[in-house]
Amino acid sequence: MKTAILTLCVASAAAFAPASKPAFSTAVNGKQDFLEAEPYYDQSTVPVNVYKNKAPFTGKVVSTKRIVGPKATGETCHIIIDHDGDFPYWEGQSWGVIPPGNREKDGKPHSVRLYSIASSRYGDDMTGKTGSLCVRRATYWCPELKADDPAKKGICSNFLCDTKPGAEVKMTGPAGKVMLMPEEDPNTDYIMVATGTGIAPYRGFIRRLFFEDTPAAGVYKGEAWLFLGVANSDALLYDDEFQEAKKNYPDNFRLDYALSREQNNAKGGKMYIQDKVEEYADEVFSKLEGGAHIYFCGLKGMMPGIQDMLKGVAEKKGLDYNEWLKGLKAKKQWHVEVY
């Protein structure tokens, strides 16, 4: 039986916009296989918390690029960081970033902020020596000033979005195993649902499966289905990559967007991510019944809508939703990473 993975991820309400098409280089032997486990799907050696707060890793910024259009509802940047191969990670993990300076209230160093890694383990340049972050600049609009209040801006996000090539970034991690892609069954379906910068881990997934010559890509026969919810067309992050995957792998990659300021849902209201997923409620539920893994990542605000949708389908099928959900969790099909 084909196994399905339902991956739902939400992060900031940040906008996404097309990034420039990456240059996909090739490893020395023509394959991306030098960072694989043996066998490649064995997760027993996944690195976790190699670098900690008291002894962080220092990476160097390769490039920082705004990747949203002018009509996006905020600024999102794609930041490539060089770790020289000394900070390995797997798709779905996060890096912690410690912004420079100290807190005003007590003079202590700033705390760590976690960011999902937006590249595969091989990095954007396929060398295995870089990793990427997708970061939305956090700002606060002051109605009295009629401008952004610099005193209330996000310390770490603004630091990262303002970095220049060569800037040093203190990092911890890699963190987490919740968002890892199970790859033992190459027929696995992945349904990825994201809003805002929650797209980050799925970019890594899609690159690994459709752009890189990895062992996982070589045997993959399933369907990867991405749902992305953003404000408008100018806010579509990494759209060029996703469109390329859709064009080259029409039987294996599927793409649906929810644009809240440009589309209406079935009830005539704004189209949010839960509304778009609900259009395929029965199919999503069937995939879960067939072994799907469902992942929630980022802002927790979308979870009630998704869960209500699944509950409604379960009840129509005469199932006890709570027991059904308990079964998903028992089989490790239910993964949550929200805030």
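The values are calculated or read from the model by the stated rules, or taken from the named source; none is laboratory data. Not measured: the values here are computed from a predicted model. Cβ sites come from the backbone with ideal geometry, for glycine too, and all protein chains shown count toward neighbours.
Taking helices (runs of 4 or more DSSP H) that do not extend beyond the range 246-339, which have at least 1 residues that are in contact with a Lys or Arg (Cβ under 9 Å, 6 or more places away or on another chain)? Give the derivation first.
Working: elements: 273-278, 281-289, 303-316, 321-330.
Filter on the range 246-339 gives 273-278, 281-289, 321-330.
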_Among (1) closer than 18 Å to Ile199 by Cβ; (2) in a loop (DSSP other than H, G, I, E, B) - the single one Gly107 does not satisfy_ = (1)
*Which residue pairs have Cβ atoms under 7 Å apart, sit 6 or more places apart or on different chains, and have a first residue in the range 105-120 that is closer than 30 Å to Glu212 by Cα and a second that is modelled with pLDDT under 90?*
Ser116/Cys297
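Within the range 28-62, work out how many residues are among the hydroxyl-bearing types (Ser, Thr, Tyr) and assigned to a strand (DSSP E or B).
Let us first name the residues in the range 28-62 that are among the hydroxyl-bearing types (Ser, Thr, Tyr), namely 40-41, 44-45, 51, 58.
Within this subset, residues satisfying the condition of being assigned to a strand (DSSP E or B) are 51, 58.
So the count comes out to 2.
Kindly establish whether Gly268 is exposed (fewer than 15 other Cβ atoms within 10 Å of the Cβ), in contact with a strand residue (DSSP E or B) (Cβ under 7 Å, 6 or more places away or on another chain) and either at pLDDT 95 or above or within 15 Å of Ile191 (Cβ to Cβ) (or both).
On the way: exposed (fewer than 15 other Cβ atoms within 10 Å of the Cβ): yes; in contact with a strand residue (DSSP E or B) (Cβ under 7 Å, 6 or more places away or on another chain): no; either at pLDDT 95 or above or within 15 Å of Ile191 (Cβ to Cβ) (or both): yes.
Against the criterion (exposed (fewer than 15 other Cβ atoms within 10 Å of the Cβ), in contact with a strand residue (DSSP E or B) (Cβ under 7 Å, 6 or more places away or on another chain) and either at pLDDT 95 or above or within 15 Å of Ile191 (Cβ to Cβ) (or both)), Gly268 does not qualify.
In contact with a helix residue (DSSP H, G or I) (Cβ under 6 Å, 6 or more places away or on another chain) and among the charged types (D, E, K, R): which single residue out of Glu168, Glu212, Glu183, Glu223 fits that description? Steps first, please.
Numbers: Glu168 fails: in contact with a helix residue (DSSP H, G or I) (Cβ under 6 Å, 6 or more places away or on another chain); Glu212 fails: in contact with a helix residue (DSSP H, G or I) (Cβ under 6 Å, 6 or more places away or on another chain); Glu223 fails: in contact with a helix residue (DSSP H, G or I) (Cβ under 6 Å, 6 or more places away or on another chain).
Unique residue meeting the criteria: Glu183.
Filter the range 63-97 for residues that are out of contact with any Cys (no Cβ under 8 Å at 6 or more places or on another chain), outside any loop (DSSP other than H, G, I, E, B) and surrounded by 18 or more Cβ atoms within 10 Å (Cβ to Cβ) and give the result. Steps first, please.
The initial filter retains those residues of the range 63-97 that are out of contact with any Cys (no Cβ under 8 Å at 6 or more places or on another chain), namely 63, 68-74, 80-96.
When the remaining residues are screened for being outside any loop (DSSP other than H, G, I, E, B), the result is 63, 80-82, 94-96.
Residues satisfying the conditions are Ile80, Ile81, Asp82, Ser94, Trp95, Gly96.
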*Which numbered condition Met179 fails, given (1) touching a His at 6+ places or on another chain (Cβ under 9 Å); (2) modelled with pLDDT of 95 or more*: (2)
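Answer yes or no as to whether Lys170 is within 20 Å of Arg136 (Cβ to Cβ) and not polar (S, T, N, Q).
Values: within 20 Å of Arg136 (Cβ to Cβ): no; not polar (S, T, N, Q): yes.
Spelling it out, it is not the case that Lys170 is within 20 Å of Arg136 (Cβ to Cβ) and not polar (S, T, N, Q).
For every residue, the table says whether it meets (1) closer than 15 Å to Tyr238 by Cβ; (2) in the same structural domain as Ser260 (by TED's automatic domain parsing); (3) surrounded by 16 or more Cβ atoms within 10 Å (Cβ to Cβ).
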residue	(1), (2), (3)
Asp125	no, no, yes
Ser132	yes, no, yes
Val169	no, no, yes
Asp189	no, yes, yes
